[in-house]
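Heads up, the thing below is written out as structure tokens.
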Amino acid sequence: MSAYAKDVLVDADWLQEHLNDESLRIVEVDENPALYAEGHIAGAIGFDWRADLQDPVRRDFLGPEAFGELFGSRGVSNDHTIVLYGDRSNWFAAYTYWYLKYYGHNKVLLLNGPREKWIADGRPTTADVPSYPPASFTARPGDEQIRARRDEVLAAIDGPARLVDVRSPAEFAGEVISPQGYEQEGAQRGGHIPGAASVPWGQAVQEDGTFKSADELEQLYRDKGVLNGEEIIAYCRIGERSAHTWFVLHELLGRDDVKNYDGSWTEWGSLVGVPVEKGS
């Protein structure tokens with residue numbers, strides 16, 4: 001395997017050459033939403049993953065109508081190709097990519113490398129917020145082939161599906177419930193889902209946040225036994241790191257049988273009556 005399975009990445013040179021392409025909408029989604037105001041790629045629309053992309057009442061993402069209204073109000077139509085990027089090696093950019101795919105928008109690409117790399121390479125940024133005319137964006141019914149629910153995860157423990165835990169080794173072992181700085185979003189119990197393979201998300205990227213080669217990625221997940229099941233379910237703490245791994249497995253390696261469990265450990269670690277293992 002010498003190339004990625006799908007043509008879903010763009011490099012920084014390509015994006016810089018296409019900043020004025022009206023068929024594109026560039027979207028930044030950061031783990032730290034305040035970064036957008038400090039400077040972003042010219043023309044990029046900024047979404048706050050919590051305030052914009054999450055339902056304000058339920059712990060869930062937006063329904064299809066609200067999702068379509070959000071994107072349309074920012075000037076994104078179904079005809080636009082969306083190019084996503086963000087901080088932290090594109091955690092929430094990958095999450096938004098998965099989210100868009102869930103609602104049937106297939107004209108979506110991911111910048112290979114986060115905003116930190118764009119800035120470190122000396123590429124231009126601006127604090128100007130773009131204003132696009134409202135557009136029509138219709139979200140299709142959610143694609144449950146790429147989203148796992150708690151009952152599916154429970155069934156996977158004794159079934160043919162492979163579970164992959166993409167959190168840190170300390171989270172997997174149950175030594176901590178949440179990464180440092182995220183304790184307020186923790187679950188009740190620490191540990192991992194029985195039978196899950198531990199493959200921290202960061203093992204899929206290089207130091208600069210760009211993805212490893214297809215051959216390296218294939219070897220990584222094969223060595224951990226992740227590619228041996230009929231289906232793969234990825235999870236983390238709240239679903240963004242596992243969306244990054246979903247992107248690697250589903251889009252870069254071309255596995256059609258991959259789902260993201262966005263309930264992840266915040267849900268599983270607080271459920272009554274489900275099994276939890278500790279240790280590595």
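The values are calculated or read from the model by the stated rules, or taken from the named source; none is laboratory data. Fair warning: this is a prediction, and the values are worked out from it, not measured in the lab. Ideal geometry is used to build each Cβ from the backbone, glycine not excepted, and the neighbour counts take in all protein chains shown. These area figures cover heavy atoms from the full protein model, side chains too; ligands, DNA and RNA do not enter into them. Shrake-Rupley method; radii C 1.70, N 1.55, O 1.52, S 1.80 Å.
Checking the structure you have, find out if any residue of segment 265-272 is farther than 30 Å from LYS107 by Cα, among the acidic types (Asp, Glu) and open to solvent by 10 Å² or more (accessible area, probe 1.4 Å). Looking through segment 265-272, at least one residue is farther than 30 Å from LYS107 by Cα, among the acidic types (Asp, Glu) and open to solvent by 10 Å² or more (accessible area, probe 1.4 Å).
Within segment 219-267, restricting attention to residues that are closer than 16 Å to GLU152 by Cα and free of Cβ contacts under 8 Å to residues at least 60 places away in the same chain, the residue that is farthest from the chain's Cα centre (by Cα) is ASP257.
All conditions but one from (1) open to solvent by 20 Å² or more (accessible area, probe 1.4 Å); (2) charged (D, E, K, R); (3) assigned to a helix (DSSP H, G or I) apply to GLU251; the one that does not is (1).
With the structure loaded, tell me whether ALA135 is within 30 Å of ASN20 (Cβ to Cβ) and not charged (D, E, K, R) or whether it fails that test. Spelling it out, ALA135 is indeed within 30 Å of ASN20 (Cβ to Cβ) and not charged (D, E, K, R). Within segment 129-172, the set of residues being open to solvent by 90 Å² or more (accessible area, probe 1.4 Å), closer than 20 Å to GLU267 by Cα and either without any contact (Cβ under 8 Å) to a residue 60 or more places away in the chain or not in a loop (DSSP other than H, G, I, E, B) (or both) comprises ARG150, ASP151, ASP158. Take the conditions (1) over 19 Å from the mean Cα position of the chain (by Cα); (2) part of a loop (DSSP other than H, G, I, E, B); ASP208 misses just one of them, which is (1).
Every condition in (1) modelled with pLDDT under 95; (2) in contact with a Leu (Cβ under 8 Å, 6 or more places away or on another chain); (3) not basic (Lys, Arg) is met by LEU84 except one, and the failing one is (1). In segment 198-218, is there at least one residue being in contact with a Gly (Cβ under 8 Å, 6 or more places away or on another chain), open to solvent by less than 10 Å² (accessible area, probe 1.4 Å) and more than 19 Å from LEU100 (Cα to Cα)? Among the residues of segment 198-218, at least one is in contact with a Gly (Cβ under 8 Å, 6 or more places away or on another chain), open to solvent by less than 10 Å² (accessible area, probe 1.4 Å) and more than 19 Å from LEU100 (Cα to Cα), which makes the answer yes. Look at ALA42 and say whether it is open to solvent by less than 70 Å² (accessible area, probe 1.4 Å) and at pLDDT below 95. Considered against the rule, which asks whether it is open to solvent by less than 70 Å² (accessible area, probe 1.4 Å) and at pLDDT below 95, ALA42 comes out as no.
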